[in-house]
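First up is the structure itself, then whatever we jot down about it.
The values are calculated or read from the model by the stated rules, or taken from the named source; none is laboratory data. Just so it is clear, the model here is predicted, and its values are computed rather than measured. Quick reminder, even Gly has a Cβ in these numbers, built from the backbone with ideal geometry, and neighbours come from all protein chains shown.
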Amino acid sequence: MNRNAERGRATREHVVDVATDLFAGQGYDATSIEAVMRASGVSKGALYHHFPGKDALFEAVLERITVRIGTALERAAVGAGSPTARIRAGCTAWVRLAVDPVVQRVMLIDAPAVLGWQRWRERDEATFLGDLRRALAAAAEQDVLDRGHVDVFAHALLAAVNETAVLVARADDPAAALAGAEDALDELLDRVLGGPRSAGR
């Protein structure tokens, strides 16, 4: 039983690996279940045992990317001295990830269309909003912002950073667009968090 379970997990992970490459390279619409089966060498029965359809497979890919993004944002914030510095580091790291082809295509371009805006927003709020709210609450404890504004600021800042990332992802040259986006984000954070960007570092 344990060996069967291990084989099942390995098969599932392999399919997600292959699907990630295909979704990132071709996009959701251009990637068929048959293409995933061919590229992975997995039978139709084995694939459908783990994923009832392409939507479910896409969500598995999206979940893995979400975890990877969360880890990257946490790593970016490690060592930041103050709550405002952690907010800056996390927001900047997220916008920089918009040039990653996998994040760009799967998370920022296809996910809102595949899941629908509301479900995509709910997923985002369930993962990243809480971290941002906690960081802003810590900043409020240091009188950086009004405590009563923490929740609104968390929603507004998450929306602003997401839109900045989407802008970079959809640019003709995302790498070139990133520099301007980072500058604008820095200015926005100066205004939201109060004071020059060097103050929180």
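Out of curiosity, is Val144 in contact with a Cys (Cβ under 6 Å, 6 or more places away or on another chain), surrounded by 16 or more Cβ atoms within 10 Å (Cβ to Cβ) and over 22 Å from Gln26 (Cα atoms)? Judged against the criteria, Val144 is not a match. Specify the residue that is surrounded by the most Cβ atoms within 10 Å (Cβ to Cβ); the eligible residues are those in the range 30-82 that are within 21 Å of the chain's Cα centre (by Cα) and farther than 24 Å from Gln104 by Cβ. Looking at the filtered set, the residue picked out is Ala80.
Based on this model, can you work out whether Ala72 counts as among the hydrophobic types (A, V, I, L, M, F, W, C), in a helix (DSSP H, G or I) and either within 17 Å of Gly130 (Cα to Cα) or in contact with a His (Cβ under 6 Å, 6 or more places away or on another chain) (or both)? Here the answer is yes, as Ala72 does meet what is asked. Applying the condition of being within 27 Å of Glu141 (Cβ to Cβ) and among the charged types (D, E, K, R) to the range 154-198 and asking which residue is modelled with the lowest pLDDT yields Arg197. Selection of the range 18-29 for residues being exposed (fewer than 14 other Cβ atoms within 10 Å of the Cβ) and either touching a helix residue (DSSP H, G or I) at 6+ places or on another chain (Cβ under 6 Å) or assigned to a loop (DSSP other than H, G, I, E, B) (or both) yields only Asp29. Scanning the range 63-79 for residues that are among the small types (Gly, Ala, Ser) and touching a residue at least 12 places away in the same chain (Cβ under 8 Å) returns Gly70, Ala72, Ala76, Ala77. Checking each residue in the range 15-62 for being free of Cβ contacts under 8 Å to residues at least 12 places away in the same chain and hydroxyl-bearing (Ser, Thr, Tyr) picks out Ser43, Tyr48. Of the helices (runs of 4 or more DSSP H) contained entirely in the range 105-201, those carrying at least 3 residues that are under 22 Å from Ala85 (Cα atoms) and touching a Lys or Arg at 6+ places or on another chain (Cβ under 8 Å) fall at 130-141, 150-170, 174-193. Among residues of the range 152-181 that are over 21 Å from Arg123 (Cα atoms), those with a beta-carbon under 9 Å from a residue that is outside any helix (DSSP H, G or I) at least six positions away or on a different chain give the pairs Ala177/Ala171; Leu178/Ala171; Ala181/Ala171.
The set of residues in the range 85-124 being crowded, with 20+ Cβ neighbours inside 10 Å, among the hydrophobic types (A, V, I, L, M, F, W, C) and closer than 20 Å to Gly27 by Cα consists of Leu97, Ala98, Val103, Val106, Met107, Leu108, Ala111.
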